[in-house]
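Coordinate-derived values only; no laboratory data. Just so it is clear, the structure is predicted and the values come from calculations on it, not from any experiment. Virtual Cβ from ideal backbone geometry, glycine too; neighbours counted across all protein chains shown.
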Amino acid sequence: MTEVAPHVLRPRIRTYKPRRSRISQRQSGAFGHQAAFLLPLSDEPLDLAEIWGEGVPVVLEIGFGTGLATAQMAAAKPGTGLLAVDIHTPGVGDLLFRIGDLPLANVRVMEADALTVLDAMIPAGALAGVRSYFPDPWPKARHHKRRLIQPDVLTLVADRLRPRGFWHIATDWDEYANAIRACFASDARWHGGVIDRPDDRPVTRYEGRALLEGRHVTDLLYEVGADDRMAS
Ligand SMILES: C[S@@+](CC[C@H](N)C(=O)[O-])C[C@H]1O[C@@H](n2cnc3c(N)ncnc32)[C@H](O)[C@@H]1O
């Protein structure tokens with residue numbers, strides 16, 4: 001396992017707010033009916049080829065919310081494996097329900113801290129890409145240590161991506177976007193920057209609300225080990 005500085009994985013400093021939300025009947029039903037799409041948290045590395053097939057590119061989505069973007073993007077690219085990880089139980093139920101509805105054979109879901117999954121279960125060089133759409137911005141300075149995008153996490157993700165693997169991030173928080181750019185700029189393994197909003201990234205409810213409230217959305221795309229991208 002890659003060494004990750006304790007402030008990232010220390011149990012009481014998390015990138016998410018633990019929430020005690022009620023789970024609906026539909027969400028809890030999906031845990032039963034779609035259990036085949038759920039992967040358990042474990043100390044053992046995942047065999048991505050066994051799950052998705054030899055040579056199939058696999059993308060990790062960190063923090064899918066209700067899974068709206070996850071399901072639509074998975075349906076648009078059935079040849080890409082998608083490992084969708086979120087800590088929030090009702091959202092996991094929502095995504096399981098969406099998967100069963102379509103159905104989406106290329107998606108697997110985990111209810112877990114994605115940093116633990118990356119650290120313990122993803123082999124080095126295994127992923128084609130990572131997506132993080134609207135990671136919690138943690139706007140107060142004293143909470144910045146909880147942000148997903150920070151130097152130790154860049155090290156961990158760089159290790160788990162294959163050469164030229166990508167990390168696509170979207171945020172509605174300008175100050176976080178600038179902090180993300182500074183963080184990637186200080187790590188020579190990564191190249192990229194701000195991109196136009198890709199047409200294939202669906203507008204989630206979270207993004208819709210940010211736009212209604214007048215916040216600007218920034219998409220950022222970085223590749224590991226590449227130096228000829230469109231950086232800005
Ligand atoms: C602001 S919401 C955005 C959700 C979704 N991507 C969207 O655009 O609607 C952030 C999500 O990230 C999840 N999250 C935060 N830290 C996480 C972590 N370390 N591992 C897994 N999920 C995480 C939260 O539970 C929440 O669902």
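The table below lists the values:
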{"read-out": "Rounded to 5, the percent of DSSP beta bridges in the chain classed as antiparallel", "value": "40"}
{"read-out": "Among 103-109, 214-220, the order from most to least packed when residues are scored by Cβ within 10 Å on average", "value": "103-109, 214-220"}
{"read-out": "Relative contact order [Cα under 8 Å, 6+ residues apart], the chain, whole percent", "value": "21"}
{"read-out": "Packing-based ranking, highest mean first, of 116-127, 46-57, 23-34 given that Cβ atoms within 10 Å are counted", "value": "116-127, 23-34, 46-57"}
{"read-out": "Gyration tensor verdict on segment 138-232 (Cα atoms; rounded if a/c is under 1.5, prolate if a/b is larger than b/c, oblate otherwise)", "value": "oblate"}
{"read-out": "Spin-label model distance (nm) - ALA182 vs ASP200, 7 Å beyond Cα toward Cβ", "value": "3.3"}
{"read-out": "Estimated [θ] at 222 nm from DSSP helical runs (n ≥ 4, -39500 (n - 2.57)) normalised by residues in the chain, nearest 500", "value": "-9500 deg cm²/dmol"}
{"read-out": "Where the Cα pairs of the chain fall when distances are cut into 10 Å bins, in %", "value": "8, 33, 40, 18, 2"}
{"read-out": "Cα-centre dipole for segment 57-224 with unit charges at Cβ (Lys and Arg positive, Asp and Glu negative), debye to 20", "value": "180"}
{"read-out": "Prolate/oblate/rounded label for segment 50-155 (Cα gyration tensor, a/c 1.5)", "value": "oblate"}
